[in-house]
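Inspection log for the structure reproduced underneath, given as structure tokens.
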Amino acid sequence: MAKNPKAAKNRRPTTRRPRAAASSADIEDLASPSGCRAAVGPTTAAAAVRAELLRWYDANRRDLPWRRATEPPAGCGRGHGEEQRAYAVWVSEVMLQQTRVPVVVDYYSRWMARWPTVDSLAAATQEEVNEMWAGLGYYRRARFLLEGAKQIVEKGKFPRTASALREVRGIGDYTAGAIASIAFNEVVPVVDGNVVRVISRLYAIPDNPKESSTVKRFWQLTGELVDPSRPGDFNQAMMELGATLCSKTKPGCSQCPVSSHCQALALSNQNASVKVTDYPRVVPKAKPRSDFAAVCVVQIAQCLDECIADATGNDNLFLLIKRPEEGLLAGLWEFPSVLVNEGKTDALNRRKEMDKYLKQLLGINVKRRSSVILREDVGQHVHIFSHIRLTMFVELMILNLKDDGDELCMEGQDSSKLRFIDENAVDSMGLTSGIRKVYNMVKAFKEKRLKEQSQVPTRKSRRLK
């Protein structure tokens, strides 16, 4: 499915900037403005924040499986506890990007049961990884995990510093800092959305958190705070605080271990018009562009008559197409899909575009090599990506081929990107949530038709050309 070059323009933020505290770039300013607990000096202020935050974390941290990882299972390759924990941290941190913890726990447990070490992951195929990842979204993360694992195994050792980890495919500043500090005790900071929220409030930073200069400042301030003896625990404590007490809309300031150092809280106590939730500054997201796609679920019913197929047995096959190796949902399998213009989403234009696409895809004229048992619209499904609102117009086309499906694939322009699979394989395959929804829509549609046919036995489906 080709990309639509049209994209929505970003709007300039118009959110009113809250009253700013005095600018600060050092830990020395953590104890001001008035209303925060006085500090004896900069070293004492930093030490107090570290001690209070770590004390809270030790008593309140969540029991998460990746925090318990130390040694790999017996006989599973690398035996170093630090490297095993590094692998566990890596997998969990990648999964946690844009995904809630309760969801990740189940995926992480299944992942580690199948690939308990970086060596075992490196031996996996991309399709196996995609199947395991199905439903988590942002599939490029899974691709980078596999590519990174292969790179690490090829070099023969797990990188142990943030700078070395950044050389691994798909590992950026945040993931490198998390692995290096948590697994190898390197004194480096970690800055994610939770940490940005905590730092923004500690320092009452009113600036746009997306601007490069502000991002650089977050890293600098967090780096100055990192506990030199327990950097990994400190970084996890900062993230834990942001994920729990220091939430976006309902911060639990009365329970916060570092509230007495928080400049945003001090400002809100002094001025009723200022709220802790003013920090960090809310930046309006760019409106996602709207795309429209015709999606055709092609079912090959080689041994059926001209009644609607019940989709049972291996003689009933579905056509899947592999997406390009770059771009949105790279390398994943889907039903034939083609983008259409917003003004041409009617059935006639959609089918015209789909027929052209299938002819180009298979290298033959499908109508000359098959009879169309049924072709009907099933419905619409809207799938939201981070930057795209995709409306899919779904149709079902059941064909009775005159030739074998495998032979038809071989005549296509690139048979490695085409696949005919039976329904059992579709049910167990790791499809994206959007494509899985499309498939479930088709199943429900066919079940409804079968029910209607059972009530009127003499009625036959009309053939749609």
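Apart from one condition, residue 225 fits all of (1) in contact (Cβ under 8 Å) with a residue 12 or more places away in the chain; (2) open to solvent by 40 Å² or more (accessible area, probe 1.4 Å); (3) over 26 Å from the mean Cα position of the chain (by Cα); the exception is (2). Looking at this structure, is residue 234 aromatic (Phe, Trp, Tyr), surrounded by 14 or more Cβ atoms within 10 Å (Cβ to Cβ) and closer than 16 Å to residue 196 by Cα? Answer is yes for this residue. Filter segment 87-110 for residues that are touching a helix residue (DSSP H, G or I) at 6+ places or on another chain (Cβ under 7 Å) and under 21 Å from residue 427 (Cβ atoms); which is surrounded by the fewest Cβ atoms within 10 Å (Cβ to Cβ)? Per the stated criteria, the residue is 110.
Listed by first and then second residue, the pairs with beta-carbon distance under 7 Å, at least 6 apart or on different chains, first residue in segment 408-437 and small (Gly, Ala, Ser), second modelled with pLDDT under 80 and open to solvent by less than 60 Å² (accessible area, probe 1.4 Å), are 412/361; 412/362; 412/363; 415/409.
In segment 158-181, the residue that is nearest to residue 431 (Cα to Cα) out of those that are in contact (Cβ under 8 Å) with a residue 40 or more places away in the chain and open to solvent by 20 Å² or more (accessible area, probe 1.4 Å) is 170. Just so you know, in segment 264-280 the residues that are within 14 Å of residue 247 (Cα to Cα) and part of a loop (DSSP other than H, G, I, E, B) include one that is most open to solvent (accessible area, probe 1.4 Å), and it is 275. Does segment 126-134 contain any residue that is aromatic (Phe, Trp, Tyr), modelled with pLDDT under 95 and open to solvent by less than 50 Å² (accessible area, probe 1.4 Å)? Within segment 126-134, one or more residues are aromatic (Phe, Trp, Tyr), modelled with pLDDT under 95 and open to solvent by less than 50 Å² (accessible area, probe 1.4 Å). Filtered by the rule that a residue be open to solvent by 60 Å² or more (accessible area, probe 1.4 Å) and modelled with pLDDT of 65 or more, segment 451-462 gives 451, 452, 454, 455, 456.
The values are calculated or read from the model by the stated rules, or taken from the named source; none is laboratory data. Model, not experiment: these values are computed from the prediction. As a convention, Cβ positions derive from the backbone with ideal geometry for all residues, glycine included, and neighbour counts pool all protein chains shown. Just the protein is used for accessible areas: all its heavy atoms, side chains included, with ligands, DNA and RNA removed. Shrake-Rupley method; radii C 1.70, N 1.55, O 1.52, S 1.80 Å.
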